[in-house]
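Since every read-out is calculated from the coordinates, none of them should be taken as a lab result. All figures in this text were calculated on a predicted structure; none of them were measured in a lab. Cβ placement follows ideal geometry from the backbone for every residue including glycine, while neighbour counts extend to all protein chains displayed.
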């Protein structure tokens, strides 16, 4: 499996390309901005993109959705509980002094335990609300497993909950019931900052205890 991390935009959100190393079939997770860089990385790695997957709908994770779809003609998937945030991306981005384009229609709303399959890879959807109402994480089981946690869990920190729809108690519940229970060797790919592991966060993340 190939994982390409691309920090993009003013807030340096992590966009991920996740691919089957042999077939080159892949998905784009959270194309937050700088579509030119994302598309260049797709071409550089000879990837065949199957879909865009969103961990949540905050503007810094979706602003490159339209140009990537225009270039590749692929579907976009997210959780319906973030539909309000997604549909009002222009207004919410403006509060941060950032201009966002109107969103494109969502092709599929996924639910807990849905799977997205491409090549030999199967991604399971884990519902992890709290940072936003429809926040999800994406789990790929293996040795080790990989979880793309969006803005739920960071290396040494957790997601903010002071944005519309945020809930600090629900965020901690999601982390403890859905993420910290994963194997310690599971690699955590967050929405911002460096990767970590579940074991490291269990031992040293000061926000979890």
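For the chain, DSSP calls about 70 percent of its internal beta bridges antiparallel.
Considering only 77, 109, 16, the Gaussian network model of the chain with Cα springs below 10 Å gives its largest mean-square fluctuation to 109. Hey, for a label at residue 70 modelled as a point 7 Å past Cα toward Cβ, could you say which residues of segment 100-127 have their backbone N under 16 Å away? Residues passing the 16 Å test: 100-105.
In whole angstrom, how long is each semi-axis of the equivalent ellipsoid of segment 60-106, when you take the square root of 5 times every eigenvalue of its Cα gyration tensor and sort them from largest down?
Numbers: eigenvalues 68, 39, 10 Å².
Over the Cα atoms of segment 60-106, the ellipsoid semi-axes are 18, 14, 7 Å.
Largest GNM mean-square fluctuation across 111, 34, 177, computed for the chain with C-alpha springs under 10 Å, falls on 177. Between residue 169 and residue 5, the contour length at 0.36 nm per residue exceeds the Cα-Cα span by 56.1 nm. Computed from the alpha carbon atoms alone, the convex hull of segment 22-82 holds 74 Å³ per residue. Over the residues of the chain, the helix contribution to mean residue ellipticity at 222 nm works out to -5000 deg cm²/dmol, using -39500 (n - 2.57) for each DSSP H run of at least 4. What the Kirkwood sum gives for segment 15-160 is a hydrodynamic radius of 15.4 Å, with every pair of different alpha carbons counted. Can you work out the FRET efficiency for the pair residue 80 and residue 12, with r the C-beta to C-beta distance and R0 = 35 Å, to the nearest 0.05? With R0 = 35 Å, the Cβ-Cβ based efficiency is 0.80.
Taking max minus min of the alpha-carbon positions on each principal axis, segment 110-209 gives extents of 38, 29, 22 Å, largest first.
With a simple spin-label model that places each label point 7 Å from the Cα along the Cα-to-Cβ direction, the separation between residue 23 and residue 185 comes to 2.5 nm.
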